[in-house]
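Everything on this sheet refers to the single structure shown next.
The values are calculated or read from the model by the stated rules, or taken from the named source; none is laboratory data. Keep in mind that this is a model prediction, so the values were computed, not measured. Note that we place each Cβ from the backbone using ideal geometry, even for glycine, and neighbour counts take in every protein chain shown.
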Amino acid sequence: MNSLFDNAVQSIQLGVEDYQANDPRRALSSVRNFYAGVLLLAKEVLVRQVPDAAPEDVLAARFKPIPDGLGGLQVVPAGGQTIDFSNIGSRFRDFDLWIDDAALKDLNRIRTAIEHYFTDESRETVREAIAKAFPVVVDLFRLADETPHEVLGEAWQPMLEVRTFYEKEIANCRASFGKIKWRSSVMAEIALSCPECESDLVAQVNVDNTDHTSADAECHSCHANISAEKAIEHALQVHFDFDNYRAAKDGGEGPLQTCPECGLDTYVLSEEEEGCAWCELVLDDKCGRCSTSLTPSTVSFDNFAFCSYCDHLLSKDD
């Protein structure tokens, strides 16, 4: 084994050992070790793709152009920083390799959450981190042309058991919302997560409830009580996070906006639907005076039939 791959395997093994210890004091160590192992394994995959290249050139986070002394230009690493979970996905795409960015993002989020909000109840969070990262680990070993159960040894079976347990747990949580008659097609498709710890292990308190406005929930990871309003608002914010960010960067309107009726960030403007997923308000297509398209950002908060500008002019006429 080379040192990078060896360190990756040992870190994953240590993370699993810390998890199996069932000691709250080792929960943070478990996620840190597991996180480091997955990142090192991903780096090893990249290095193996170009065996003739220097590893530091493959893994550098930033590069700079410098003269080559022969009238040309060469690009070299800038500083000693290497890629991490925030940019490893793009490096994989540059190498024409696929990696589950969402799972990596979840693992990074869980690591950050544990480091900043560590409690004695973090074992469930650690289990979720390992379970979510399990498919990524399998894919990375495949890309490295290695067999995970052979390389990981005794750590493999606990990971397999954690993943199986988590799949059953997440299925039960999502089934608890099965009787709700969602008016929003987006909400009918997306999963809910905890606003406190971001765990996906969120279940409805009353599994027989059919009304989305009464869908109060509980997080099975951090045990937070989550109101129906907060659960739905957070689910939509997570779902549309990237689209809203991109729209804001480009100076446009995002697909998730603040509803002028209920004041929640639950008004959806997307290809799938238009309207508030909470109070079910649907604005008219156009202003009744100037025909401007009505959206939460253009409509008058005093009169939903007009845009804010026209409503202002009409109020002055009065």
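Here are the numbers for this structure:
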quantity: Meets criteria (modelled with pLDDT under 85, polar (S, T, N, Q) and not in a loop (DSSP other than H, G, I, E, B)) for Asn108; calculated: yes
quantity: Count of residues meeting criterion [in a helix (DSSP H, G or I), under 16 Å from Asp200 (Cβ atoms) and of a type outside the set (D, E, K, R)] in segment 210-242; calculated: 8
quantity: Per-region count, segment 243-260, residues part of a loop (DSSP other than H, G, I, E, B) and either surrounded by fewer than 17 Cβ atoms within 10 Å (Cβ to Cβ) or touching a Pro at 6+ places or on another chain (Cβ under 7 Å) (or both); calculated: 6
quantity: Extreme residue, modelled with the lowest pLDDT, among residues of segment 261-288 that are surrounded by 15 or more Cβ atoms within 10 Å (Cβ to Cβ) and outside any loop (DSSP other than H, G, I, E, B); calculated: Leu269
quantity: Pairs where the first residue, in segment 9-37, is more than 15 Å from His149 (Cα to Cα) and the second is of a type outside the set (Ser, Thr, Tyr) and not in a helix (DSSP H, G or I), C-beta under 7 Å, 6+ apart; calculated: Pro24/Asp120; Leu28/Phe118
quantity: Pair list, Cβ < 6 Å and 6+ apart or interchain, from segment 158-182 residues that are farther than 27 Å from Ala215 by Cα to residues that are surrounded by 14 or more Cβ atoms within 10 Å (Cβ to Cβ) and not aliphatic (A, V, I, L, M); calculated: Pro158/Gln20; Met159/Phe134; Val162/Arg127; Arg163/Phe134
quantity: Candidates Leu39, Leu28, Leu4 - the one that is surrounded by fewer than 20 Cβ atoms within 10 Å (Cβ to Cβ), touching a Phe, Trp or Tyr at 6+ places or on another chain (Cβ under 8 Å) and at pLDDT below 95; calculated: Leu28
quantity: Test: residue in segment 42-55 that is free of Cβ contacts under 8 Å to residues at least 24 places away in the same chain, closer than 19 Å to Val162 by Cβ and not acidic (Asp, Glu); calculated: no
quantity: Selection within segment 1-39 - touching an Asp or Glu at 6+ places or on another chain (Cβ under 7 Å) and of a type in the set (S, T, N, Q); calculated: Ser29, Ser30, Asn33
quantity: Conditions (1) assigned to a helix (DSSP H, G or I); (2) under 30 Å from Val126 (Cβ atoms): number failed by Phe85; calculated: (1)
quantity: Any chance Leu70 is part of a helix (DSSP H, G or I) and either in contact with a helix residue (DSSP H, G or I) (Cβ under 7 Å, 6 or more places away or on another chain) or more than 24 Å from Ser193 (Cβ to Cβ) (or both); calculated: no
quantity: Cross-chain or 6+ apart pairs with Cβ under 9 Å, segment 297-318 first and in the same structural domain as Asp265 (by TED's automatic domain parsing), then in a helix (DSSP H, G or I) and not small (Gly, Ala, Ser); calculated: none
quantity: Some residue of segment 228-237 being touching a Cys at 6+ places or on another chain (Cβ under 6 Å) and either surrounded by 20 or more Cβ atoms within 10 Å (Cβ to Cβ) or under 15 Å from Thr125 (Cα atoms) (or both); calculated: no
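The rows are residues; the columns are (1) surrounded by fewer than 18 Cβ atoms within 10 Å (Cβ to Cβ); (2) not aliphatic (A, V, I, L, M).
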{"residue": "Arg91", "(1), (2)": "no, yes"}
{"residue": "Val151", "(1), (2)": "no, no"}
{"residue": "Ala155", "(1), (2)": "no, no"}
{"residue": "Leu160", "(1), (2)": "yes, no"}
{"residue": "Glu167", "(1), (2)": "yes, yes"}
